[in-house]
Amino acid sequence: MQKENARSPWTWVPTLYFTQALPYIIVMNLLGTMFTARGIDNDRMAFYTQMLYLPWVIKPLWSPIVDMIRTKRLWTVGMQLVVALALAFAGAMMTHPNYFLISIGVMWIIAIASSTHDIAADGFYILGLPQHQQAAFVGVRSTFFRLGMIVGGGLMAKFAGALVRITGDAGYGWSVTFFVLAALLFAASAYHLFMLPRPAADRPVVESGSMFQEFFDTFISFFKKKDILLILGFILTYRLGESQLLAMAKPFLMHAPAKGGLGMSVEDVGMAYGTIGVIGLTIGGLLGGYLISQRGLKRCLWLMVFATHVPDLIFVYMATTMPQNFYFISACLAVEQFGYGFGFTAMLLYMIMIADGEHKTAHYAICTGLMALGMMVPGMYSGRIQEYLGYQHFFIYVILMTIPAFIMAALVKIDPEFGKKAPTHV
């Protein structure tokens with residue numbers, strides 16, 4: 001047991017967060033790419049795909065159950081297996097005439113399993129590492145999460161696009177793509193069954209007494225936190241603009257110039273946005289995690305808020321000038337995504353800070369659920385707003401939607417030492 005507990009984080013943190021990214025990026029990104037490529041309009045595509053955020057919003061309702069029943073390790077491996085089975089079924093249904101409705105139904109199962117996996121995996125991360133390692137490995141977990149995004153959202157989109165182009169059969173191309181993704185999840189669940197450590201702290205929070213009382217006490221204790229209104233305001237508004245930009249980025253890149261888009265192919269979008277862009281996102285996340293570990297979250301906050309939101313102006317520029325050079329577009333996306341990755345580490349560490357206490361897993365899940373709510377509701381209606389405004393005016397509107405994040409950053413309270421790596425004593 002001691003050997004298990006002493007296992008290096010490098011043997012499990014990278015693979016855990018790579019795996020965590022796959023179902024999330026499939027639901028939130030690859031699905032929209034597929035629907036856009038297969039002719040689904042922006043309003044319907046955005047509404048149904050962004051509604052799939054709901055399991056991440058309401059996951060705090062079952063996060064105490066994950067806390068109270070069995071171990072985070074078991075939940076983590078189990079949910080990876082569920083996602084693998086669901087992806088295999090989705091692959092089998094891609095050639096069905098009603099693939100759209102079937103896909104949405106299967107993605108609900110994947111979203112619920114993935115959000116439950118997030119609760120367990122994030123709780124396992126917090127329980128398995130001391131605070132200074134949590135801060136130091138934020139960049140690592142973000143990096144491998146982004147690599148999972150590259151594979152699940154970028155390379156798989158390019159793979160599907162190539163299959164469709166070669167075979168001329170969209171159903172077959174996307175079916176094979178989902179079977180490959182299912183195989184990745186099966187392999188990950190098998191690996192983690194043997195390789196995840198067994199920290200002593202990973203045990204049910206409640207071993208006796210009233211589960212329901214503990215369930216409600218967990219929620220009440222969160223909303224009794226000091227400055228809860230500032231906490232809620234910061235979490236809900238930090239990604240308000242980005243939530244709507246993300247929902248419409250792929251359609252903007254893929255739609256024909258006559259519709260205000262850049263007319264890129266699925267393969268080019270998979271490479272430019274899903275791969276090169278995510279590499280920028282990854283580098284930004286690594287740098288952000290390192291900087292916070294050296295200087296603390298409070299001293300980095302304003303830099304990260306600006307880095308998150310100001311690069312959104314790149315989409316205003318592209319919608320105005322309509323560039324057609326693949327490499328130039330890729331560079332623009334890399335810069336925008338670098339800023340987003342760099343700035344988002346502030347939100348990750350802020351939520352870890354807020355979750356600190358007896359119910360770390362459940363409280364962190366509440367934080368991420370609130371963040372998902374701030375993404376879901378604006379994103380659901382972004383397609384309708386875009387169709388009304390057009391892409392250029394829509395991206396200007398997105399810039400205006402970032403203003404609340406700056407206001408909340410000026411008001412929020414952060415421990416000056418939080419996130420800073422503890423000094424080494426010789």
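Only the coordinates and a few stated rules stand behind these numbers; no lab work does. Bear in mind the structure is a predicted one, so any value in this text is a computation, not a measurement. Note that we place each Cβ from the backbone using ideal geometry, even for glycine, and neighbour counts take in every protein chain shown.
For this structure, a couple of remarks:
- Checking each residue in the range 289-313 for being of a type in the set (Val, Ile, Thr) and either out of contact with any helix residue (DSSP H, G or I) (no Cβ under 8 Å at 6 or more places or on another chain) or surrounded by 20 or more Cβ atoms within 10 Å (Cβ to Cβ) (or both) picks out ILE292, VAL305, THR308.
- So TYR340, is it touching a Pro at 6+ places or on another chain (Cβ under 9 Å), crowded, with 21+ Cβ neighbours inside 10 Å and touching a residue at least 40 places away in the same chain (Cβ under 8 Å): yes
- Subset of the range 152-173 (residues that are within 22 Å of the chain's Cα centre (by Cα) and closer than 23 Å to ILE104 by Cβ): GLY152, GLY153, GLY154, MET156, ALA157, PHE159, ALA160
- Residue ranges of helices (runs of 4 or more DSSP H) in the range 310-414 with at least 3 members among the aromatic types (Phe, Trp, Tyr): 326-355, 391-400
- Matching residues in the range 378-390 - criterion: being in contact (Cβ under 8 Å) with a residue 24 or more places away in the chain and surrounded by fewer than 24 Cβ atoms within 10 Å (Cβ to Cβ): PRO378, MET380, TYR381, ARG384, ILE385, GLU387, GLY390
- Some residue of the range 359-370 being surrounded by 22 or more Cβ atoms within 10 Å (Cβ to Cβ) and touching a Leu at 6+ places or on another chain (Cβ under 7 Å): no
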